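Input: a single structure, listed below in structure tokens.
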Ligand code: OSB
Ligand code: MG
């Protein structure tokens, strides 16, 4: 099959409430969607969709949405247009000459993979090796102005049935909110995410989190500091999970060898795509390191694909794969809903969902069509 066309579609979606982390506040998303068209000689065409996780600004990782769009238009799409025979395994190697830009590469690989799977009438979940029809879901709760606001917010999520709560923390918003949530909600599965907001000088402070029996402490230190995480891990009891640090299967292997973490958050958009995400899963599983599926406030397009990944056997912790209404009043797809703390893994071909044309049309902010 060949890639014959690629559409970059931009959509603006307001979040239901501002999402604050140590990286900043997000109140809406400027989403880049890709629509890939594959042609298969006599067999006709097939179409695939993907969502790029890059946020507006390069504060979480080097990826930012305008940069991802540009690198796709200028470099990545032409590289795939030039490929004679595309199959899923040939996409990442065809893009390897471009360094980094993992969010852009992941989106392009996923759009082509979706088209390829639709042509082969296979779901992404089946292709990846998923073994469950639905997955338990957690929710990621942003930093709030006050503890009572946080407790209201957590209370609503607990009532909705989320099986695990993750609190965003930063210096000045850590022990107190965790203590308050433990006091109010007892021994619910609880974890925290620092988005690299601490340094090793905070070791004694972070050790005070041990008292709260958290499932894990996610990314306390800067992305490149695997040694620092390994040192911290010997000084605190709370298990360390890495997010930003794990950019491919090789860094996962290094982090495990160095004992920098005992849990890994996998985001396909952070590691360059679903095939690399599966390799990260395989590396972790072979070492007995549990993984879970992270999120980047995806619309239904990105979440559908994440749910397929989250159904693989090594995903033993609930992920940040929350229901549509946790993020958006109106999602780009039919809404994903929480049922008994779980969400169904899509079963249709490819990612199993498509943007709703009327919603897409209403929220559209731009589109550009590339051909070979
Ligand atoms: O660190 O996991 C993170 C959102 C944006 C950037 C980084 C992170 C997050 C989340 C949101 O935690 C998870 C979700 O999509 O629900
Ligand atoms: Mg994180």
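Any read-out appearing in this document is the output of simple, stated calculations on the displayed coordinates, not a laboratory observation. Every value quoted in this text rests on a predicted model; they were computed, and no experiment measured them. Because the Cβ atoms are built from the backbone with ideal geometry, glycine has one as well, and the counts that use them run over all protein chains shown.
So in the stretch 126-344, what percent of DSSP beta bridges are antiparallel if you round to the nearest 5?
20
Please report the relative contact order for the chain, taking Cα pairs under 8 Å with a sequence separation of at least 6, and give it as a percent rounded to a whole number.
Relative contact order, the chain: 22 percent.
May I ask you to compute the full-extension gain from residue 132 to residue 4, defined as 0.36 nm times their residue separation minus their alpha-carbon distance, rounded to one decimal in nm?
42.6 nm
Residues in the stretch 314-341 near a label at residue 356, defined as backbone nitrogen under 19 Å from the 7 Å Cα→Cβ point?
322-339
Three principal axis extents, largest first, for the C-alpha atoms of the chain, in Å?
64, 42, 36
Report the Cα centroid-to-centroid distance between the stretch 78-115 and the stretch 269-284 in angstrom, as an integer.
So the separation of the two Cα centres works out to 15 Å.
Just check the stretch 126-344 against the gyration tensor rule for me: Cα atoms, a ≥ b ≥ c as the square roots of the eigenvalues, rounded for a/c under 1.5, and otherwise prolate or oblate depending on whether a/b exceeds b/c.
oblate
Restricting to bridges with both residues inside the chain, how much of the DSSP beta-bridge set is antiparallel, in percent to the nearest 5?
65
What number, rounded to the nearest 500 deg cm²/dmol, is the helix-based mean residue ellipticity at 222 nm of the chain, given -39500 (n - 2.57) per DSSP H run of at least four residues and division by all its residues?
For the chain, the value works out to -10000 deg cm²/dmol.
If I model a spin label as a point 7 Å beyond the Cα along the Cα-Cβ vector, how far apart are those points for residue 200 and residue 40 in nm?
Between residue 200 and residue 40, the simple spin-label model gives 5.4 nm.
What distance in nm separates the two pseudo spin-label positions at residue 208 and residue 121, each 7 Å out from Cα along the beta-carbon direction?
6.2
What distance in nm separates the two pseudo spin-label positions at residue 85 and residue 330, each 7 Å out from Cα along the beta-carbon direction?
Taking the two extended label points, one gets 4.5 nm.
For residue 188 and residue 98, what does the FRET efficiency come to when R0 = 56 Å and r is the distance between their Cβ atoms, rounded to the nearest 0.05?
Working from the Cβ atoms, E equals 0.85.
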